[in-house]
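Below: the structure, in C-alpha cells.
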Amino acid sequence: MYGGGYIFDEPNKKQLREEEQHDEPEKLAAFEERIAKGEKIEPGDWMPAEYRRQLIRLIEQHAHSEIIGALPEGTWITRAPGFKRKLALIAKVQDEIGHGQLLYNAAETLGKSREAMINDLLSGKSKYSNVFNYPAETWADVAVIGFLIDAAAIVNQVANAKGSYGPYCRALERICYEESFHLKQGHDAFIELATGTPAQKAMLQDALNRWWQPIMHFFGPPDKASSHSEKLMQWKVKMASNDDMRNQFLESYVPKIRELGMTLPDPALKKNEETGKWEYTDPDWEEFFRVINGGGPCNAERLQVRKWAEEQGRWVRKALMRPTEKRALPVA
Amino acid sequence: MMNNAAISDLIIKMADDELIQGHRNSEWTGLGPVMEEDIAFSSMAQDKIGHAWALYRILHEDLAGPDPDKFAFLRPEKEFKSAHLVEMPNGEYDFSLMRHFLFDHAEAIRYESLQDSSFEPFRMLSKKVKGELKYHTLHANAWLMQLSKAGEESYHRMQQSLNDTFALAAGLFEASPEHESALIADKVYPGEKELFHRWMDRIYPLLVQASLNLPDMKTITPVYGGRQGFHTEHLQPLLKEMSEVFNLDAEASW
Amino acid sequence: MSNDSLDPRVNRLKLGEAGEVVKVEEGENWNVYEVFHQEKRGAHHEHVGCVHAPDPQLALVFAKEQFARRKKCVNLWVVRSADILAFDVEDEDMFANNMEKTYRDASGFKVMEKINKFKQSK
C-alpha cells in the first residue's frame, strides 16, 4: 500500500562528512557516478554506510506500513457488503501482506534480517506510516482509504520506483501494478457511496472529513520544516520533496473528489492558478509528531494485534526451524 | 424431470459451508504465522467465498432462486444449512489447519463426484474449481505432514486438533432425509454416505503417513443438525457482522 | 484484557497486555528461497523474488500464491538462496569487452559489401 511521510534519519552533517572520509573516496566517486548516470545499485555493490543505513530505514518503514496497514482495512473484512466488495477487500488486504513480504526481502538484501526488522517494529523502535494509527469507523472509511490513501501511496511509490536501489525498485514495480487495482476498487466503492442515498453520502462525507488531516500528513512535514539531506536526493534515496508530492496528489485527486459533489474540510484549499500550486491550511503538525511517537488513537491496538500474530504463529515457525541449515539472505 | 427442491437444498448446503468457512479463513488475513502463509491462506479463503458465490448464482440463474448477495448476507440464521465444523471460531493455527485439511478434502471429493452429475451446472462448476482445490489440498497435505513430524509439541497439537475436529468434520456428510434418495436416483450426486466413504479412503492414508491416529469410529458421533437449521452459538454473531453494512439500507447499492 | 476494537475479528482474539515484550528469534522466519516464474510453456523461467520457507516443498507452495496469484504462470522453480553462485560485482570488468569482439557477431561480417565489390569489378 503505502509509502509516504517517512521519517528519514537526519544525519548530522559532521557525522556524514566523517563517514564519507571513512568510505573510500574513489569508490564513493564511482558509486555516485553510477547513480548520476541512472544506473541501479545492487546488493553486492560497494555503497556508503549512510546510504545503506537510510535505505534500510526507508524500506523497513515501508514494509511495516504494509503489514500494519492491513489492520485498519481488515476491520471490515467480515462486514464488507456483498461478494464483490468482500472479495476485493480480502484480496487487497492480502496484497498489503504481499507487499510487506516483497519489501522485507528487499531490505534484507542490505543485511538486516526480517526477524530483526519485525522486532524493531514490535518494540516501537522502528516506525510505520502514521495514517494507520487512525480507526476505520465505518464502511465509508474503507472507500476513503482504498481510494485516497492508496492514491497518495501511488504518488509516493511511483517516485520511489525511480530510485537508485535495484531490489527496492523491482519490488515497487510489482507493488505499483497491484496498487492500481487497489485504487480502482477504492474509487469504485467511493463513487457508489457518493452517488448513493443521502445516508450513504453523509457517511462518506463524514469519513472524508475525518481522514483529510491524516491524508495531508501522509507526505510528511512541509519542506521548510524538514531539512532533508541533499545527499539523500543526490543518491536517489529520497525522490521528491514532501510538498511536491502533496501538491501532485492534490492536483490529481481534489478534482476527482469534488466532481462527485463531495467537499473537503479545508476552506482554504484551492489551486493558485498563477503558481500552479495548491494552497491549503497547514494540518496540525504537532498532532503528526504526537501520533508518530505513539499518541494516536490506534497505535497501541495495532502493535498489540501484531504482537498477538507473532505470538500465535511462533509455535508453527519454531516447529519447522532448521538452525543448522546453510542460510543466506535474498540474493536480489 | 429434475427435482429442483432437492438440488436447491444440496446447493445451499454446499454454498453455506463454503461461505462460512471462507469467512472464518479470512479472519486470518493479516494475522497469519508468517507472511507467506498469510498470503496462501487468504487466497484459499477468497476461493471458498468465490465457490459459494458461484453456487448461489447457479441457484439464482438456473433454479430461479433469489439474488445471491441478498441470499448470502441477509438470510436469517434458521435458514442457513452450514455444518457446525465451519462455524467454529478459528482457535489456534493447528485447529484452523486441521479443519482446512478435513474440509478441503471433503470439498474436493464432493466436486470430483459432481464431474458426472446429471445437473449440468454442477459439471461445469466442478471443472472450473478443480485446479483451485488441487492447490488447497496440496497446501493442506504439506502442512499436515510437516507439522506432524516437527517435534513433540507440534505433533500433539496436530493430534489434538484432529481429535477436536473429526466428529465435526464427519458432520459435513449429513444427508437431508427428504431429498437424499431423489438426488441419488436422479444421479445428481452419489449421496452423503458414499462421499463419506470416499473421503475416509482419501484422508486415512494421509493421516497414517503423518503418524496421526484417527479417533475410533465407534466412539464418534458425527455432529449433525446444521443442515436442518440448528446451529452453534458462533454462527449468529458472524451472520450479524456479514449483514451489518447491508442492513444500514438493504435497498441501497453498496 | 478485554478488547474494545472496531474490528470484530480482533475482538475474538485474546490480546496480550500493552507494553508486553514480544521478540522473534533469529531464524524463526526460516530460510530464503529464490523464485523463478515461467509465464508460458517454452519460455525461460525468470527470477521474480523470493520466499521464506522451512523447506523446498513449502517454498513452492508459498511461491505459488505470492508470485502467481495474478499473472499468467505455468510453472515455478524455487532454489535455496544459499545455493546460488554468482560473480562478485568487482568482476564486472570480465564482461567489459564483450561488445568489441565483433568476430563473434553476425554484424562483424560485411558479406554484401564484398559481393557488391566483386560484382562491380566484373
Looking at chain C, identify the longest residue range that excludes and avoids all chymotrypsin sites (Phe, Trp or Tyr not before Pro) in DSSP loops having at most 15 other Cβ atoms within 10 Å. C:1-86
R0 = 41 Å: FRET efficiency of residue A:314 with residue B:240, Cβ-based, nearest 0.05? 0.80
Counting only other chains, and only Cβ atoms inside 10 Å, what mean value do you get across the residues of C:79-85? 4
PRE reach from residue A:26 (point 7 Å along Cα→Cβ): which of region C:85-106 fall under 11 Å by backbone N? none
On C-alpha positions alone, give me the angle between the axis of helix B:192-209 and the longest principal axis of chain B, in degrees, nearest 10. 20 degrees
As an exercise, identify the trypsin sites (Lys or Arg not before Pro) in region A:197-267 lying in DSSP coil whose Cβ has no more than 11 other Cβ atoms within 10 Å. A:224
Which one of B:40, B:12, B:212 is farthest out on the positive end of the charge dipole of chain B, using unit charges on Cβ (Lys, Arg +1; Asp, Glu -1) and the Cα centre as origin? B:212
Roughly how many Å is it from the Cα centre of region A:141-167 to that of region A:256-332, as a whole number? 11 Å
What are the equivalent ellipsoid semi-axes of chain C, built from the alpha-carbon gyration tensor (square roots of five times its eigenvalues), in whole angstrom, biggest first? 57, 20, 14
For region A:13-320, report the convex hull volume of the alpha-carbon atoms normalised per residue, in Å³, without decimals. 150 Å³
On a 0 to 90 degree scale, rounded to 10, what angle separates helix A:166-194 from the longest Cα axis of chain A? 10 degrees
Cα gyration tensor shape of the protein assembly as shown, rounded if a/c is under 1.5, else prolate or oblate by comparing a/b with b/c: prolate
Relative compactness, region A:133-251, computed as alpha-carbon Rg over 2.2 N^0.38 Å: 1.19
What relative contact order, as a whole-number percentage, does chain C give when Cα pairs under 8 Å and 6 or more residues apart are counted? 19 percent
For the Cα atoms of chain B, what angle does the longest principal axis make with the long axis of helix B:35-62, in degrees from 0 to 90, nearest 10? 30 degrees
Can you tell me which of A:309, A:63, A:49 moves the most in a GNM of chain A? Springs connect C-alpha atoms under 10 Å apart. A:309
For region A:58-131, Rg(Cα) over 2.2 N^0.38 Å is 1.22
Across the residues of A:95-102, average count of Cβ atoms on other protein chains within 10 Å? 6
How about region B:186-254: which GluC sites (Glu not before Pro) there lie in a loop by DSSP and see at most 12 other Cβ atoms within 10 Å? B:233, B:251
Within a Gaussian network of chain B (alpha carbon springs, distance under 10 Å), most fluctuating of B:50, B:225, B:30: B:30
Between residue A:328 and residue A:270, with labels modelled 7 Å along Cα→Cβ, what's the label distance in nm to one decimal, could you check? 6.1 nm
Under 10 Å, Cα contacts only: if you run a Gaussian network model on chain A, which one of A:249, A:289, A:147 comes out with the highest mean-square fluctuation? A:289
Given the DSSP H assignment, sum -39500 (n - 2.57) over each helix run of at least 4 residues in chain B and divide by its residue total; what's the result at 222 nm in deg cm²/dmol, nearest 500? -22500 deg cm²/dmol
Rg [Å, one decimal], Dmax [Å, integer] - chain B, C-alpha atoms: 17.8, 56
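Just so you know, all these numbers are worked out from the coordinates, no wet-lab data involved. Values in this document were obtained by computation on a predicted structure and should not be read as measured data. Positions of Cβ are backbone-derived with ideal geometry, glycine not excepted, and every protein chain shown enters the neighbour counts.
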